[in-house]
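Structure first, then comments.
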Amino acid sequence: MTDPIPLPQGFRAAGVSCGIKSDATKPDLSLFVSDRPCAAAAVFTTNRVCGAPVKVSRERVPSAKTRAVVINSGNANACTGQRGIDDARWMTEQVAAHLDCEARDVLVCSTGVIGHFLPRDKLAAGIPQVVERLAATPAAFADAARGIMTTDTFSKQATREATIDGTSVRVSGAAKGAAMIAPNMATMLAVLMTDAEVSPTEADAMLRHAVDRSFHCISVEGHTSTSDTVILMANGAAAGSLSATGRARVQEMLDDVAMDLSMAIIRDAEGADHLVTIDVRGCRNSEEARQIAKTVADSPLVKTAITGADPNWGRIVSAVGYSGIEVREEEISLAINNLPLYKSGAPLDFDKAAVSRSIRDNRDVSIVIDLTHGNASVRFWTCDLTSEYVRLNSEYTT
């Protein structure tokens, strides 16, 4: 059993069930609130078909006076036209009325099935309940983390605490996601909170730094969703202005929390038996390294080979070749689970059974691709592709 995860100072949270999900025992409405105005920033899906909450929240950040994030699960409020936008704004208005703030100071997210209108009657009854349940306790934070889940098998939370400039500072976060996961981004939501004091401009830069090294480096099946959002709220409740050293320490904590949450998402990938770490090294720049890693990570043939513990290295090398990066065969070397299979464009003699056994007997699988172009590298995470993933996603709405 994991230790309870605390909220930063000046934050409260809650999660309740209001009947959006067919299973009334599952929470489906969550609220994260700062008791004082926050600096807030967010990054959103790059899918041009995006949910109404993405459109509404995108207009409201960066901000110096955000108070809350309201999230429903079980319904994505995506591809719902003007009514969906009206419903998303209405959700923020309802929350704002209870918090005595402006509607634009409330951000909104939705996750679940695409193409269904939100049930306003259920939300109208649920929002007062979730406000009433707001608390600063780890239990309330855990309830909120459960309330944003869809196909997740466990809730995802993380925290870091450090003494900075003589004051205790905390960064905590909650996330959801198990499928439709792809860089830039995917069916994932995350709310990150800190009691450090940073400006909206600083919050935006710090969040993007953290996301580039975490949520942008995971992929389940390469399908970019309509809804993904990562929000950072910083309320300054712990202390005053940070020194440059203090701000750098908060960045490290934010990076660590984002990494913990992104790794939890990939470990919870729908139907997955293996967590695959892909290291691409020796590239001209990090962008090329990331493109190669993503191409390998998204290959159904690579993923199914891992499922079957098949050391079919040709699938990996060929994925490097069609990644769009200029590369020659003799510039590529490859190892799986620290066992060299291919070097400088030529196959190596290796014990196929031993490599297969190392994949089959370990949940964690390592793929290392070495090029000869430069010093840039990237680490990327994906999973295998199993029949259980196919079953889950073929029966999602039926």
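The values are calculated or read from the model by the stated rules, or taken from the named source; none is laboratory data. From a predicted model like this one, the values you see are computed outputs, not experimental measurements. Note: accessible area is taken over every heavy atom of the protein model, side chains too, but ligands, DNA and RNA are not part of it. Shrake-Rupley method; radii C 1.70, N 1.55, O 1.52, S 1.80 Å.
Can you pull the percent of segment 241-352's accessible area that's carbon plus sulfur, 1.4 Å probe, other chains left in place?
49
Counting only protein heavy atoms and using a 1.4 Å probe, what share of the accessible area of segment 41-88 belongs to carbon plus sulfur, as a whole percent?
Heavy-atom surface of segment 41-88 belonging to carbon and sulfur, 1.4 Å probe: 50 percent.
Counting only heavy atoms of the protein chains, get the accessible area per residue of the chain (1.4 Å probe) and round it to a whole Å² value.
Per-residue value: 40 Å².
Given the options Ala52, Ala354, Ala174, state which has the largest fluctuation in a GNM of the chain using a 10 Å cut-off (strictly under) for Cα springs.
Ala354
State, as an integer percentage, the relative contact order of the chain based on alpha-carbon contacts under 8 Å between residues 6 or more apart.
It rounds to 17 percent for the chain.
I want the antiparallel fraction of DSSP beta bridges within the chain, as a percent rounded to 5.
Roughly 70 percent of the beta bridges in the chain run antiparallel, per DSSP.
Karplus couplings for segment 47-54 from phi (6.51 cos²θ - 1.76 cosθ + 1.60, θ = phi - 60°), rounded to Hz, Gly and Pro as x?
These are the phi-based 3J(HN,Hα) values: 5, 5, 8, 10, x, 4, x, 4 Hz.
Scanning the chain for helices, which whole DSSP H stretches are 15 Å or more long along the axis (Cα) and average 0.0 or more by Kyte-Doolittle? Kindly include the intermediate steps, with their values, before the conclusion.
Values: long enough: 81-99 (28 Å, -0.65); 120-132 (18 Å, -0.05); 200-212 (18 Å, -0.40); 244-267 (34 Å, 0.21); 286-298 (18 Å, -0.75).
Sorted by number, the helices that extend far enough and score high enough are 244-267.
Report the residue, chosen from Ser299, Ser241, Ser63, that carries the largest GNM mean-square fluctuation when the chain is represented by alpha-carbon nodes joined by springs under 10 Å.
So, out of Ser299, Ser241, Ser63, the one fluctuating most is Ser241.
Taking the chain as a Gaussian network, Cα atoms linked when under 10 Å apart, which of Ile359, Ile164, Ile325 shows the biggest mean-square fluctuation?
Of the options given, Ile325 has the highest mean-square fluctuation.
Each residue of segment 3-10 in turn: what ³J(HN,Hα) in whole Hz from Karplus with 6.51, -1.76, 1.60 and θ = phi - 60°, glycine and Pro shown as x?
The phi angles translate into 5, x, 9, x, 7, x, 4, x Hz.
Any idea of Met206's accessible area? Nearest 10 Å², probe 1.4 Å.
About 10 Å², rounded to the nearest 10.
Through the Karplus equation 6.51 cos²θ - 1.76 cosθ + 1.60, θ set to phi - 60°, convert the phi angles of segment 103-113 into ³J(HN,Hα) values in whole Hz; use x for Gly and Pro.
Once rounded to whole Hz, the list reads 4, 6, 8, 10, 9, 9, 9, 9, 8, x, 6.
Pull up all non-local amide H partners of His274: gap of 5 or more, or a different chain, and H-to-H distance under 5 Å with H placed in the peptide plane.
The answer is Asp384.
Counting only the heavy atoms of the protein chains, how much of Leu242 is accessible to a 1.4 Å probe, in Å² to the nearest 10?
The accessible area comes out at roughly 20 Å².
In terms of modelled amide H atoms, which long-range or inter-chain residues lie less than 5 Å from the amide H of Cys18?
Those lying under 5 Å, H to H, from Cys18 are Asp28, Leu29.
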